[in-house]
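Data block below; observations after.
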Amino acid sequence: MTQVEEQFDMHTASVADIALTFPNSLEILNRYNLDYCCGGKKSFVQVCARAGLNAESIWQEIQLCVANQGPDSRMRFDTWEAPLLIDFIVQHHHHYVRDSIPQIQALLDKVCHAHGDDSPFLLTVSDEFNTLAAELLHHMPKEEEVLFPAIRMLFANSTSAFETNIKNRQLMAPITIMEDEHEIAGRLIKSIRSLTNHYTPPAYACPSFKMTYIMLQQFDNDLMQHIHLENNILFPKVTGANACAR
């Protein structure tokens, strides 16, 4: 364990702090439904308490996972420069969202037609996903055409600390808007997660029903990393802020 990890204090850490310091912990945070993305700036201990979870027990589980697995071989996105991180977000996450939405919508239409009468909650899942899809398809172009080019310019141009500070402040408003829209997306995916019992298909589910849940869970997992990269890594690189409780 590194010196940083040894000095890490769960009592003062946010959920995002834990996700950033211990990438191995993401699976554990997901399993306990602890939001390290939209709500990542909140206190880990307080979030656990509000969810009726034992923070100390989860913390020990994370430490055991880190000790057993050793150094995490996954990419440390927090070490990437902002332009490279933007490239990854657009090429990996934005493309995935655009490719997956029509596939999931087609599956939802199919299972709603076949099972809408005996599983009426599927109609709500479909409505929630369509709302989420519309939100994301409206949201991503604003990043690609406005915010991300502005961030690229900030990091490409060699300016004085004073000029950089002014540009950082100018980007605060669009970043706040993006974070607010992430919050909306986060609430919608959490609703879908709850409606589907964390993507657990009923015993009578047909293959299309099961495939719909698999793709919804994959979409959920991708969206969590997507928002995590922006809220907890990219945006703080621009504003100079660290993830902290609020």
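The values are calculated or read from the model by the stated rules, or taken from the named source; none is laboratory data. Just so it is clear, the model here is predicted, and its values are computed rather than measured. Methodologically, a virtual Cβ is constructed for each residue, glycine included, from the backbone with ideal geometry; neighbour enumeration extends over all protein chains shown.
Just one of the listed residues (LEU29, LEU34) is surrounded by 15 or more Cβ atoms within 10 Å (Cβ to Cβ), of a type in the set (A, V, I, L, M) and assigned to a loop (DSSP other than H, G, I, E, B), namely LEU34.
Here is a yes/no grid of residues against (1) assigned by TED's automatic domain parsing to the domain that holds ILE184; (2) over 17 Å from LEU229 (Cβ atoms); (3) under 14 Å from the mean Cα position of the chain (by Cα):
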{"position": "THR21", "(1), (2), (3)": "no, no, no"}
{"position": "ASN33", "(1), (2), (3)": "no, yes, yes"}
{"position": "GLY40", "(1), (2), (3)": "no, no, yes"}
{"position": "VAL45", "(1), (2), (3)": "no, yes, no"}
{"position": "LEU53", "(1), (2), (3)": "no, yes, no"}
{"position": "SER57", "(1), (2), (3)": "no, yes, no"}
{"position": "GLN60", "(1), (2), (3)": "no, yes, no"}
{"position": "GLN63", "(1), (2), (3)": "no, yes, no"}
{"position": "PRO83", "(1), (2), (3)": "yes, no, no"}
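Just to be sure, is VAL146 of a type outside the set (Phe, Trp, Tyr), in the same structural domain as GLN225 (by TED's automatic domain parsing) and under 18 Å from the mean Cα position of the chain (by Cα)? The answer is no for VAL146. For the stretch 91-111, the count of residues that are modelled with pLDDT under 90 and either polar (S, T, N, Q) or in the same structural domain as HIS226 (by TED's automatic domain parsing) (or both) is zero.
Listed here are the residues, each with its yes/no results for (1) surrounded by 14 or more Cβ atoms within 10 Å (Cβ to Cβ); (2) more than 19 Å from MET140 (Cα to Cα); (3) in contact with a Pro (Cβ under 8 Å, 6 or more places away or on another chain).
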| position | (1), (2), (3) |
| --- | --- |
| HIS11 | no, yes, no |
| ALA19 | yes, yes, no |
| PHE22 | yes, yes, no |
| GLY40 | yes, yes, no |
| CYS65 | yes, yes, no |
| GLN91 | no, no, no |
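Within the stretch 208-241, take every residue that is over 29 Å from ASN157 (Cα atoms) and among the aromatic types (Phe, Trp, Tyr) and give me the one that is surrounded by the most Cβ atoms within 10 Å (Cβ to Cβ). Per the stated criteria, the residue is PHE219.
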